[in-house]
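Novice: Below are the C-alpha cells for one structure; questions will follow.
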Amino acid sequence: MELPTQTCASAPFDHAKADVILRSADGVEFRVFMLFLSLASPFFETLFGLPQASDGTSDQEMKDGIAVIAVSEDSKTLDLFLRFCYPSTLAEDPCLDNLTEVLSVLAAARKYSLDLIERKVCQALANPKVLETEPLRSFAIARNARLKHETITAARHNLRQPLIPVLFAEINLITASDFLALLTYHKKCAIAVKALMKDFTWMTNHYGNIDSCIWLFNRPRYNQYCCGQGTDTRFWPWNTAPLAWWTTYMQEVYELLQDSPSGDTVRTAADRTIQKVRSASCGACSGRVKEGMTEFSNLLALKVEEAVAPIELEMDF
Ligand SMILES: *[C@@H]1O[C@H](CO)[C@@H](O)[C@H](O)[C@H]1NC(C)=O
C-alpha cells in the first residue's frame, strides 16, 4: 500500500514548540501540545502519561525529536475536534453546520472521551439552521448518540416535512423501532391538528366577531363584491360564506397539515395565498390580504404548535 503524502496542518497546529504529532488517516501531521489534549480528554491524559522507553528500544515513531501518533480520524475531523480542545484564545470553536462533520466529530469525541466536545456537538444539533433544513438527519444522529433533548427537538422540527421521507444517508444510524416511533409521533400530531380544522372556536374567540374580520368577506354595503365566495361550508367560521380564496387556502392547509402538521406549513401556504390574491388584481383584497392573512396564519400556526406540544415521542433513552 502506498503511504499517503505527509503534509503539515495549518495554524495553530504547526507550532514549532509542540510536544507531540498526531497524524490523521489521510496523512496530515498536527503538531499539538499534550497539555491541551490532556485537559480536554482523559483518554489523551492516560496515553501521554504512559512511560516512554528512553533506551531506543521503543518502536515509537519519532520526528524532530517528538513522538508521532497515528490516529484513524481524517484531517477534517481531527482539525475540528482539536479546535474544540484548544483554548479559545488559540483556536476558536469551529462552526459545525455540516451534519456529516457533526457525526464524525461526535464519534471522535466519544472515542477519546472528550465530554466537553460532546456537549458542544449537541449544541450543533440544536442549531436552528440545521434543524430547519435537515431535521431528519439531525434526528438520526441525535438518536444514535442517545441525546434525548436533541432527538425530541429534531422530531418536532421534522413535522414540517412529509410523513414518509425520502431516503437519507443517516437512516442506518437508527433502528426500525426508532423510525416507527418517529412515524407514530408524526401521525399523532397530524390527528391532533385535524381537530383545529373542524371547530373554529379558536378563530371566532380570537377575532370576537365577524366585523373584526372584514378582510375575509365581501362587503355588499360598500358594493365590494370583489372575489367570489367560498362554497365549502366546512370553512365557514361564522356560518357565513368567506371569500373563495380563503376557503381555497383552508382546503389546501387542511390537506397539507395531515402530512406536515407544523406551524411552518400554515405560514408558507399563507405566503403563497397572499401572492396569488395580489396578482389576481382585486383592488379590495390585494390591499388587505397581507395584513389579514399574516395575523390569521400566525394565529393558526400558534394553534397548531399548541396542539402538537403535548404529543410525546415514545422512545426510551
Ligand atoms: C459536509 O462535510 C463533508 C465531509 O467533510 C463534505 O464531503 C460535504 O461536502 C460537506 N457538505 C456541505 C453541504 O458542505
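The values are calculated or read from the model by the stated rules, or taken from the named source; none is laboratory data. Please read all numbers here as calculations on a predicted model, not as lab measurements. Don't worry about glycine lacking a Cβ; one is built from the backbone with ideal geometry, like all the others, and counts go over all protein chains shown.
Novice: Would you tally the residues in the stretch 120-134 being assigned to a helix (DSSP H, G or I) and surrounded by 21 or more Cβ atoms within 10 Å (Cβ to Cβ)?
Specialist: Total satisfying the criteria: 4.
Novice: Among (1) more than 16 Å from the ligand (Cβ to nearest atom); (2) out of contact with any Leu (no Cβ under 8 Å at 6 or more places or on another chain), where does LYS76 come up short?
Specialist: (1)
Listed here are the residues, each with its yes/no results for (1) of a type outside the set (A, V, I, L, M); (2) surrounded by fewer than 15 Cβ atoms within 10 Å (Cβ to Cβ); (3) at pLDDT 90 or above.
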site: THR57; (1), (2), (3): yes, yes, no
site: GLN60; (1), (2), (3): yes, yes, no
site: LEU78; (1), (2), (3): no, no, yes
site: TYR86; (1), (2), (3): yes, no, yes
site: PRO94; (1), (2), (3): yes, no, no
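Novice: Please tell me if LEU103 is of a type in the set (A, V, I, L, M, F, W, C) and surrounded by fewer than 17 Cβ atoms within 10 Å (Cβ to Cβ).
Specialist: no
Novice: For residues that are assigned to a loop (DSSP other than H, G, I, E, B), within 16 Å of the ligand (Cβ to nearest atom) and touching a helix residue (DSSP H, G or I) at 6+ places or on another chain (Cβ under 8 Å), scanning just the stretch 88-114, find the one that is nearest to ILE69 (Cα to Cα).
Specialist: That would be PRO94.
Novice: Output the residues belonging to the stretch 39-53 that are surrounded by fewer than 20 Cβ atoms within 10 Å (Cβ to Cβ), closer than 12 Å to CYS85 by Cβ and within 32 Å of the chain's Cα centre (by Cα).
Specialist: LEU39, PHE43
Novice: Same structure, new question: I'd like to check something: does the stretch 274-285 contain any residue that is crowded, with 17+ Cβ neighbours inside 10 Å and hydroxyl-bearing (Ser, Thr, Tyr)?
Specialist: no
Novice: Does any residue of the stretch 277-292 turn out to be among the hydroxyl-bearing types (Ser, Thr, Tyr) and touching a strand residue (DSSP E or B) at 6+ places or on another chain (Cβ under 9 Å)?
Specialist: no
Novice: Determine, yes or no, whether ILE117 is part of a loop (DSSP other than H, G, I, E, B), away from the ligand (no atom under 16 Å from the Cβ) and more than 11 Å from the chain's Cα centre (by Cα).
Specialist: When the stated conditions are applied, ILE117 does not pass them.
Novice: If a residue has to be under 14 Å from ILE311 (Cα atoms), surrounded by fewer than 18 Cβ atoms within 10 Å (Cβ to Cβ) and either modelled with pLDDT under 95 or not aliphatic (A, V, I, L, M) (or both) to count, how many in the stretch 147-188 make the cut?
Specialist: Residues meeting the conditions: 3.
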